[in-house]
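Report on one structure; see the data block that follows.
Throughout, read-outs are computed from the coordinates displayed, never taken from laboratory work. Bear in mind that the values here come from a model prediction, so they are computed numbers and not experimental data. Neighbour counts are summed over all protein chains in view; Cβ atoms, including those assigned to glycine, are modelled from backbone coordinates with ideal geometry.
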Amino acid sequence: MEKTFTADIPDISEQWYRDVVDVADSAPTPVQWFAVHFTEGVILLLGLLLVAVAVSRLRHADPWGRALALVAPAAVVLAYGCSEVLKSLVDEDRPCRGAVAILAGQCPPVGDWSFPSNHATIAGALATAVLLLSPRWGLLAVPLALLAALSRVFVGVHYPHDVLAGLLLGVAVTLLLAPVTARAVAGTLRRRGVPAGREPVPTAPGPAAERDRAGH
């Protein structure tokens, strides 16, 4: 696809990038090792957290909660798709193309553009989905997403504005899509029967039933 826009790197973002990677380059080896593995593993951790809270809502929640659990993963996928579309439109090369020491094993290949950060987008979308499903677990998911975004700068593969845009994109798509879609799905679930986790309320026996019981 032909590029339609060539990005200009904000000076402040470039300076912050260099400041962060300088800190990363001088960090102790255990910290560097953790950052390299954390930047990939945190997405898996957030994904597992979303699966856990979604399964819980599917088993025990009312139709709205179950509907939200069903559509939340789709919102995350759509957010990722939006970030890929933006990457194909915004021609921003990776900051690690310059003569800067990075912690990542290698700089992504040419054509794997920098804006916005896919990792940050997915992290933002996952954290938002978890927060919608379970505010309690969202208190864990949100800082994890922020650390996931920061880690992409720390290992040297994204500018700060890349990860900020990715986070905002993931949050916005999930907040806009999940509740609206869940409303329609919840209506379908209500029409299909008794909500999960609820038992039909027994009715009190009538006078005839009481007489029959007394006769026995």
Rounded to the nearest Å, the spacing of the alpha-carbon centers of the stretch 4-70 and the stretch 74-137 is 9 Å
In the neighbourhood of Ser56 defined by beta carbon distances under 14 Å, the net charge of the other residues (Lys, Arg +1; Asp, Glu -1) is +3
Calc'd 3J(HN,Hα), the stretch 62-72, phi into Karplus 6.51 cos²θ - 1.76 cosθ + 1.60 (θ = phi - 60°), Hz, glycine/Pro = x, comes to 6, x, 5, x, 5, 5, 5, 5, 6, 8, 4
The ³J(HN,Hα) series, computed from each phi in the stretch 173-186 with the Karplus coefficients 6.51, -1.76 and 1.60 at θ = phi - 60°, rounded to the nearest Hz and given as x for glycine or proline, is 4, 5, 5, 7, 7, 4, x, 5, 5, 4, 4, 5, 5, 4
Around Cys96 (Cβ within 13 Å, Cβ-to-Cβ, excluding Cys96; K/R +1, D/E -1) the net charge comes to -2
Residue by residue through the stretch 105-114, the couplings from Karplus 6.51 cos²θ - 1.76 cosθ + 1.60 with θ = phi - 60°, in Hz, x for Gly and Pro, are x, 7, 6, x, x, 4, x, 8, 6, 9
So Leu147 and Val110, fully extended at 0.36 nm per residue minus their Cα-Cα distance, gain in nm 10.7 nm
Mean projected area (nm²) from the convex hull of Cα positions in the stretch 1-149 is 10.4 nm²
